[in-house]
Amino acid sequence: MAVTDQSETQVVIIGGGPSGLLLSQLLHTRGIDSIVLERKTKDYVLGRIRAGVLERGLVDLMHEAGVADRMQSEGLVHDGTLISYGDKMFRISFGELTGHSVLVYGQTEVTRDLYAARETADGKIVFEVEDVTIQGADTDAPFVTYRTDDAEHRVDCAFIAGCDGFHGVSRQTIPSEVRREYEKVYPFGWLGVLSRTPPVNHELIYANSERGFALCSMRNEQLSRYYIQCDITDRPEDWSDDAFWAELKRRIPADQADKLVTGPTIEKSIAPLRSFVTEPMRWGRLFLCGDAAHIVPPTGAKGLNTAASDVHYLYNGLRQFYENDDPAGLDAYSQKALARVWKAERFSWWFSSLMHRYPDQTTFDHKMQVAELEFLRSSRSAQQAMAENYVGLPY
Ligand code: APR
Ligand code: PHB
């Protein structure tokens with residue numbers, strides 16, 4: 001189909017999830033023009049239920065982007081978390097061990113705030129785009145084509161940010177002979193529910209039980225988020241609300257189970273768990289951000305937070321290029337982003353290995369888990385290491 005619409009911008013951002021929107025809004029604050037191309041509708045994007053723990057780095061970026069008001073007023077400051085195994089439970093105090101806290105605020109709300117800010121700034125966002133194709137990423141004159149309704153569009157640009165998630169087009173644009181991919185697929189999933197009930201505890205509870213992992217989380221004082229480890233073959237419809245609540249109660253300490261307020265679930269879904277990294281995160285004028293480049297199991301709540309550090313590095317690299325005519329930040333992007341990505345991958349893998357029951361786990365493996373949990377409970381240095389990773393390693 002012939003191109004019926006041609007335009008140009010400085011940065012084409014593929015993907016209107018949190019990575020793409022945060023990058024677009026940050027660039028806007030420095031007068032750098034971008035367009036966001038999103039495959040789905042805005043409502044579809046906002047309908048995704050994802051994690052809800054923000055590291056200090058992401059909180060700072062939201063302030064820098066000028067979209068922190070609702071996050072600050074509605075987000076819950078968490079100064080620690082609880083870890084249980086069997087009926088034992090202990091607390092990791094982030095504040096005492098690191099001097100920092102995390103903010104509990106749903107990713108959906110982060111995305112909603114970013115959409116509102118882009119719309120207020122009259123930012124260019126095109127929804128329901130099809131057949132996005134990246135052309136000339138390895139030249140000095142890249143462009144992106146896409147289709148809407150029956151029109152074919154071309155956008156000439158200086159840079160392309162691939163913020164289109166794990167199933168996007170950007171990573172695949174990097175030639176296979178250039179790409180190196182690393183992956184671990186976990187032999188279980190997470191069954192998650194939302195319920196309009198008060199959280200069982202004012203802090204999160206990560207539970208290792210003989211029946212499998214469970215997590216008690218929240219969105220606010222009247223909206224709870226719970227997860228239980230499930231078989232990868234399970235489907236949400238296999239689990240009635242009663243069956244879910246009964247299983248959750250079996251996996252958390254009795255004193256917590258006794259005070260758990262149950263109710264109808266308003267969302268129920270199963271997520272697979274995977275660790276994945278692609279290297280490099282740059283190819284010519286194409287830069288990968290967030291899930292387009294890496295995936296973590298949700299155990300450490302590092303998905304959005306690692307996307308945020310990618311955005312921080314790319315945003316500052318583009319600023320340096322446009323404001324100081326200096327490409328050094330862009331040239332260092334992939335190496336700098338990957339250094340932090342791999343630390344987030346390690347922490348997410350470690351925490352997942354510690355807290356879940358693996359189908360092929362031997363009695364010795366289980367003894368190692370218990371010994372590591374006992375060490376974490378009794379060692380300040382072990383707790384400090386865990387806390388430093390949880391609140392977010394420096395950018
Ligand atoms: N063209 C345009 N948009 C696309 C394409 C495409 N070919 N492919 C995917 N997209 C869109 C998706 O519809 C989605 O809205 O890109 C967006 C990618 O958003 P996310 O998958 O949320 O990834 P990211 O923005 O990097 O955010 C990472 O989201 O998935 C969670 O756990 C993850 O918390 C992490 C965060
Ligand atoms: C969530 O609230 O969805 C959540 C919180 C912490 C995690 C994972 C998910 O580690």
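Some observations on this one:
- Straight-distance candidates among the lysines for linking to residue 367, with alpha-carbon spacing under 20 Å and chain neighbours fewer than 8 residues away dropped: 88.
- Candidates 278, 335, 82 compared by Cα position along the dipole of the chain: farthest toward the positive end lies 82, with charges placed on Cβ.
- A compact globular protein would have a Cα radius of gyration near 2.2 N^0.38 Å; the ratio found for segment 261-324 is 1.56.
- For residue 85, distant residues with modelled amide H under 5 Å away: 208
- Taking segment 10-109 and dividing mean pair separation by its residue count, relative contact order in percent (alpha carbons under 8 Å, at least six apart): 28 percent
- Using the alpha carbons alone, the radius of gyration of segment 164-223 stands to its Kirkwood radius in an Rg to Rh ratio of 1.19.
- The phi torsions of segment 281-288, fed into the Karplus equation with coefficients 6.51, -1.76 and 1.60 and a -60° offset, translate into couplings of 9, 9, 9, x, 8, 9, 10, 8 Hz, rounded to whole numbers, with Gly and Pro shown as x.
- Between residue 188 and 273, the built amide H atoms are under 5 Å apart, and every one of these is 5 or more places off in sequence or on another chain.
- Of all beta bridges that DSSP places with both ends in segment 1-135, some 60 percent have antiparallel geometry.
- Quarter of the Cα convex hull surface for segment 1-123, i.e. its orientation-mean projected area (nm²): 10.9 nm²
- Distance cut-off 23 Å, percentage of C-alpha pairs in segment 216-333 lying past it: 51 percent
- For segment 104-255, averaging the sequence separation of C-alpha pairs within contact (under 8 Å, six or more residues apart) and dividing by the residue count gives a relative contact order of 15 percent.
- Cross-link pairs beyond the 28 Å C-alpha cut-off, checked among 124/268; 249/343; 42/268; 42/302; 42/336: 124/268; 249/343; 42/336
- For segment 65-80, Karplus couplings with θ = phi - 60° (6.51, -1.76, 1.60), whole Hz, Gly/Pro x: 7, x, 10, 9, 4, 5, 4, 5, 7, 9, x, 9, 6, 10, 9, x
- Average projection, convex hull of the Cα set of segment 47-110: 5.7 square nanometres.
- DSSP bridge orientation in the chain - percent antiparallel, rounded to nearest 5: 70 percent
- Viscosity 0.692 mPa s, temperature 37 °C, Stokes-Einstein D of segment 299-395 from Kirkwood C-alpha radius, µm²/s: 211 µm²/s
- Spatial separation of Cα centroids for segment 97-148 and segment 231-292, in angstrom: 24 Å
- Kirkwood analysis of the chain, using all unique Cα-Cα pairs, places the hydrodynamic radius at 21.9 Å.
- At a probe radius of 1.4 angstrom, the accessible area of segment 235-386 per residue rounds to 43 square angstrom.
The values are calculated or read from the model by the stated rules, or taken from the named source; none is laboratory data. The shown structure was predicted, so the numbers you read here are calculated from the model rather than taken from an experiment. Neighbour counts run over all protein chains shown; Cβ positions are idealised from the backbone, glycine included. Please note that ligands, DNA and RNA were not included when accessible areas were found on the heavy atoms of the full protein model with its side chains. Shrake-Rupley method; radii C 1.70, N 1.55, O 1.52, S 1.80 Å.
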